[in-house]
Amino acid sequence: KRLSAFFSSLFPITTFVPLFQWSPEEELILTKLTFIGCGASLCALVVTLMLFTVLDIPKSDRTSIHKNLFVALICAQVILLCSGSAIHSKVACTLVAALLHLFFMAAFSWMLVEGLLLWSKVVAVNLSEDHHMKYYYLIGWGLPVLIVTITLASASGKYSADDYCWLSVQNGIIWGFVGPVIFIIMVSNLFIF
């Protein structure tokens, strides 16, 4: 029931809701697949971060951006894997939802920063390269903290959903994630074209 409610929140259009009504056996299979997929992803992220840290890779803005992206994704994956144990406590569930919101927003923000870096290297080659990293950190970590803080403040106690530890769809809090992600994707596409 939790997985079907979670996926229904991702696709709130009523035509998709019947697609996500699973039997207990199907939900058990989906839960196992989620753990296997997240576990494999987490292992790959940890190995990649270790390689970036241990190997003698030249220090650059690009390497720092990738490390921060990996850290955000690792944190999000760990919290996602542990989120099932927080479902019975509203405070814990809200905390898990806020942390998931923060780290997934940070992942998208770091991808935006990667786009900015590529744009500055290819299109705006005349820009000074001095001290860009402080702005990148502000976008990569500061923007998600600001978005989560504003979303939490505006939620008035109804930040997480009732059946799962993610943003509530009933009162529109999910737009605190979906809206910025759509904006980031649109801006990133502007850098590509």
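The values are calculated or read from the model by the stated rules, or taken from the named source; none is laboratory data. Predicted model, so just to flag it, every value in this text is computed and none were measured. Every residue, glycine as well, gets a Cβ built from its backbone with ideal geometry; the counts of neighbours run over all protein chains shown. To get the accessible areas, we keep the full protein, side chains included, count just its heavy atoms, and leave off ligands, DNA and RNA. Shrake-Rupley method; radii C 1.70, N 1.55, O 1.52, S 1.80 Å.
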* Asked: Among the numbered criteria (1) open to solvent by 90 Å² or more (accessible area, probe 1.4 Å); (2) in contact with a Lys or Arg (Cβ under 8 Å, 6 or more places away or on another chain); (3) not aliphatic (A, V, I, L, M), which single criterion is violated by K121?
  -> (2)
* So D163 clears everything in (1) modelled with pLDDT under 95; (2) surrounded by 14 or more Cβ atoms within 10 Å (Cβ to Cβ); (3) assigned to a helix (DSSP H, G or I) except one condition, right? Which one? -> (3)
* If we scan segment 59-77, do we find a residue that is within 19 Å of the chain's Cα centre (by Cα), farther than 21 Å from G140 by Cα and among the aliphatic types (A, V, I, L, M)? -> no
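What residue, of I139, I173, I185, is part of a loop (DSSP other than H, G, I, E, B), open to solvent by less than 90 Å² (accessible area, probe 1.4 Å) and of a type in the set (A, V, I, L, M, F, W, C)?
Step by step, each of I139, I173, I185 is checked, and only I173 is part of a loop (DSSP other than H, G, I, E, B), open to solvent by less than 90 Å² (accessible area, probe 1.4 Å) and of a type in the set (A, V, I, L, M, F, W, C).
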* Could you give me the residue pairs with C-beta distances under 8 Å whose first residue belongs to segment 170-190 and is within 16 Å of A106 (Cβ to Cβ) and at pLDDT 90 or above, whose second residue is among the aliphatic types (A, V, I, L, M) and outside any helix (DSSP H, G or I) wherever it lies, and which are 6+ apart or on separate chains? => G176/L167; F177/L167
* To do: Kindly indicate whether H66 is crowded, with 19+ Cβ neighbours inside 10 Å, part of a helix (DSSP H, G or I) and at negative phi.
  => no
